[in-house]
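A short worksheet on the structure shown next.
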Amino acid sequence: MAKIVVEGARFEARDTGRVSANQFTRENLVRHATSLHGERLPMMLPGIPISAKPDDYAPFKTLRIAVFDGESWTLSGDPLSAG
């Protein structure tokens with residue numbers, strides 16, 4: 001899960017142009033990772049954003065159930081929010 005948050009911070013920082021390539025220090029990555037608010041990443045399931053704050057490191061507030069039908073994964077129902 002930490003890998004997704006770090007990649008999300010890198011993606012968000014690079015995509016918005018707020019950080020240049022040589023500024024990917026641990027401190028900058030932590031700062032960006034803890035300022036994600038409803039971000040959507042290309043690798044994420046539909047309807048599942050990530051959010052993190054300096055006092056709340058849990059990036060996922062919404063989950064999606066997937067069922068393996070023997071050949072592939074199928075999304076089941078609507079996204080579930082933790083509230």
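The values are calculated or read from the model by the stated rules, or taken from the named source; none is laboratory data. Values in this document were obtained by computation on a predicted structure and should not be read as measured data. Here the Cβ positions follow ideal geometry from the backbone for every residue, glycine too, while neighbour counts run over all protein chains shown.
Being in a loop (DSSP other than H, G, I, E, B) and either in contact with a His (Cβ under 8 Å, 6 or more places away or on another chain) or in contact (Cβ under 8 Å) with a residue 12 or more places away in the chain (or both), is that true of even one residue in region 61-74?
Yes.
Out of all the residues in region 43-83, which are among the hydrophobic types (A, V, I, L, M, F, W, C) and closer than 21 Å to VAL30 by Cβ?
Once the filter is applied, which keeps residues that are among the hydrophobic types (A, V, I, L, M, F, W, C) and closer than 21 Å to VAL30 by Cβ, region 43-83 yields MET43, MET44, ILE50, ALA52, ALA58, PHE60.
Restricting attention to region 67-83, which residues are surrounded by 10 or more Cβ atoms within 10 Å (Cβ to Cβ), within 26 Å of ALA33 (Cα to Cα) and hydrophobic (A, V, I, L, M, F, W, C)?
Within region 67-83, LEU80 is the sole residue that qualifies.
Looking at GLY38, GLY8, GLY47, which one is small (Gly, Ala, Ser), surrounded by fewer than 10 Cβ atoms within 10 Å (Cβ to Cβ) and at pLDDT 60 or above?
So the residue among GLY38, GLY8, GLY47 that is small (Gly, Ala, Ser), surrounded by fewer than 10 Cβ atoms within 10 Å (Cβ to Cβ) and at pLDDT 60 or above is GLY38.
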